[in-house]
Amino acid sequence: MTLSQRDLNVIWHPYTQMKTAKPPIPIVKGEGLYLIDENGNRYMDVVASWWVNIHGHAHPYIAQKVSEQLNTLEHVIFAGFTHPCAVELAERLTQIIPSNQTKIFYSDNGSTAVEVALKMAFQYWYNSGVTKKKVLAFNNSYHGDTFGAMSVSARSAFTNPFESLLFEVEYIDLPTFENLDRLKSQISEQKNQLSSFIFEPLVQGAGGMIMYHPEPLNELIRFCKKQEILIIADEVMTGFGRTGKLFACEYLNEQPDMMCFSKGLTGGTMPMGITSCAESIYERFLSDDKLKTLFHGHSFTANPVACAASLASMDLLLKPETQQQIQLIATKHEKFKQKIEHHPKLKDVRRCGTILAMDWNTNGNTSYFNEVRDKLYEYFLSNGIILRPMGNVLYLLPPYCITAAELDFVYNKIEAALLEI
Ligand SMILES: *Cc1c(COP(=O)(O)O)cnc(C)c1O
């Protein structure tokens, strides 16, 4: 039996209709930009394996640091105990995220990082003796698949089966200078109920790589702060260089109360989530009353191997060579954007930092919409490129190790697809 057949006997894959899905491609090795299957075929991983792999696959430096950690301390309970990697990572991360963020809470993935932020926000008000049950979020948002994270994400076909179980959210449009007044009055009507405002700064990832400007967002955050709404920046996707700066919040003047991190945090090596918060949030849980404690944790909270991977990934990220690579990708994306943006088959070619996205024209026909997605996916795959469109949205989110020649190869294939599909 092949690996794919054995897989289908025992495995249920994420986001996959198992009845109709093609057998999964068996990957046996990773090497920088490339994934290699059991027949030796090489694929350019231009989506960074679900946006996590920022330095390329099987990076020798991360592998070495992880291996050293495995041979030193693989795990320790994190209540009542600590370890060097967790402390060093918190110290170093708080040096590079917005300066008001002083405390680090560890968890396992992006969804849990969001759950923790939401629980911090709800309990902040609970500990203050104030009842606020709603959350403010953007239309088309995505914050994860666990119940709280799903609640604050946009309602969609994916959330329909759970609709009646999700808590109440006030949705607003992405801010522009034109609609700001309308958004403000929408918020004012609800302000006594709104505990927090959660958003993906600058780029809504799973919503379709939708991009928006920092200035009106900044204005919206300032307004929410005046209404005593806590600010949660979900940088699970935008963090660690994706938007051209280390964090998307660097484009804002207003600082968030809480931030969520995962995906690129460990360089895509180990699962890990982090929720950071401002001192004022942390202090609201300090009390002689034990019931004001944040009662949240996971078996693998602050896993030392994941912390070691994160420290190694941060070393790589902060190297001048990596920062130059990020700028190179941004510059080349911008040139290619200008080259193709008026193509009749495309709508809204857009870029933010190392993310390039474009909508394939579907003339409003939804069956064609899915057909285009599958055609594009197969087209690039057969050319040795992993590009996984979301509906008609084609996007590039490469690891920072990609070379100029490799980028040109991918751009050329996109131009070929524009001719052929
Ligand atoms: C992917 C993502 C999440 C969820 O992270 P998981 O690790 O998949 O649970 C949350 N927020 C944003 C912005 C994301 O892109």
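The values are calculated or read from the model by the stated rules, or taken from the named source; none is laboratory data. Everything numeric here is computed off the predicted structure, so don't read it as measured data. Please note: Cβ atoms are built from the backbone with ideal geometry, for glycine as well, and neighbour counts cover all protein chains shown.
Looking only at the range 49-60, which residues are within 20 Å of residue 36 (Cβ to Cβ) and either out of contact with any Pro (no Cβ under 8 Å at 6 or more places or on another chain) or not hydrophobic (A, V, I, L, M, F, W, C) (or both)?
49, 50, 52, 53, 55, 56, 57, 58, 59, 60
Can you go through 312, 308 and tell me which one is assigned to a helix (DSSP H, G or I), of a type in the set (Gly, Ala, Ser) and in contact with a Cys (Cβ under 6 Å, 6 or more places away or on another chain)?
Of the residues listed, the single one that is assigned to a helix (DSSP H, G or I), of a type in the set (Gly, Ala, Ser) and in contact with a Cys (Cβ under 6 Å, 6 or more places away or on another chain) is 308.
Cβ-Cβ under 9 Å, sequence separation 6+ or interchain: first residue in the range 73-85 and of a type in the set (Ser, Thr, Tyr), partner in a loop (DSSP other than H, G, I, E, B). Which pairs?
82/76; 82/302
Scanning for something out of contact with any strand residue (DSSP E or B) (no Cβ under 8 Å at 6 or more places or on another chain) and not in a loop (DSSP other than H, G, I, E, B), does the range 264-276 turn up at least one residue?
Yes, because at least one residue in the range 264-276 is out of contact with any strand residue (DSSP E or B) (no Cβ under 8 Å at 6 or more places or on another chain) and not in a loop (DSSP other than H, G, I, E, B).
Which members of the range 225-242 meet the condition of being within 12 Å of the ligand (Cβ to nearest atom), in a loop (DSSP other than H, G, I, E, B) and among the β-branched types (Val, Ile, Thr)?
Within the range 225-242, 236, 238 meet the criteria.
Would you be able to say whether some residue in the range 292-306 is within 20 Å of the chain's Cα centre (by Cα) and within 16 Å of the ligand (Cβ to nearest atom)?
Within the range 292-306 (the criterion being within 20 Å of the chain's Cα centre (by Cα) and within 16 Å of the ligand (Cβ to nearest atom)), the answer is yes, since at least one residue qualifies.
Which condition from (1) farther than 23 Å from residue 124 by Cβ; (2) crowded, with 19+ Cβ neighbours inside 10 Å; (3) within 16 Å of the ligand (Cβ to nearest atom) is the one that residue 183 breaks?
(3)
Only one of (1) surrounded by 12 or more Cβ atoms within 10 Å (Cβ to Cβ); (2) modelled with pLDDT of 95 or more fails for residue 338. Which number is that?
(1)
Where the second residue is in a strand (DSSP E or B) and of a type in the set (S, T, N, Q) and the first is modelled with pLDDT of 95 or more and crowded, with 17+ Cβ neighbours inside 10 Å and lies in the range 192-221, which pairs have Cβ atoms under 6 Å and are six or more apart or on separate chains?
210/204
Kindly provide the set of residues from the range 271-291 that are under 30 Å from residue 72 (Cβ atoms) and either within 16 Å of the ligand (Cβ to nearest atom) or loosely packed, with under 15 Cβ neighbours inside 10 Å (or both), ordered by number.
271, 272, 273, 274, 275, 276
Looking at (1) farther than 22 Å from residue 297 by Cα; (2) of a type in the set (Gly, Ala, Ser); (3) touching a residue at least 40 places away in the same chain (Cβ under 8 Å), which is the one condition that is false for residue 67?
(3)
Among residues belonging to the range 32-62 that are among the hydroxyl-bearing types (Ser, Thr, Tyr) and away from the ligand (no atom under 16 Å from the Cβ), point out the one that is surrounded by the fewest Cβ atoms within 10 Å (Cβ to Cβ).
61
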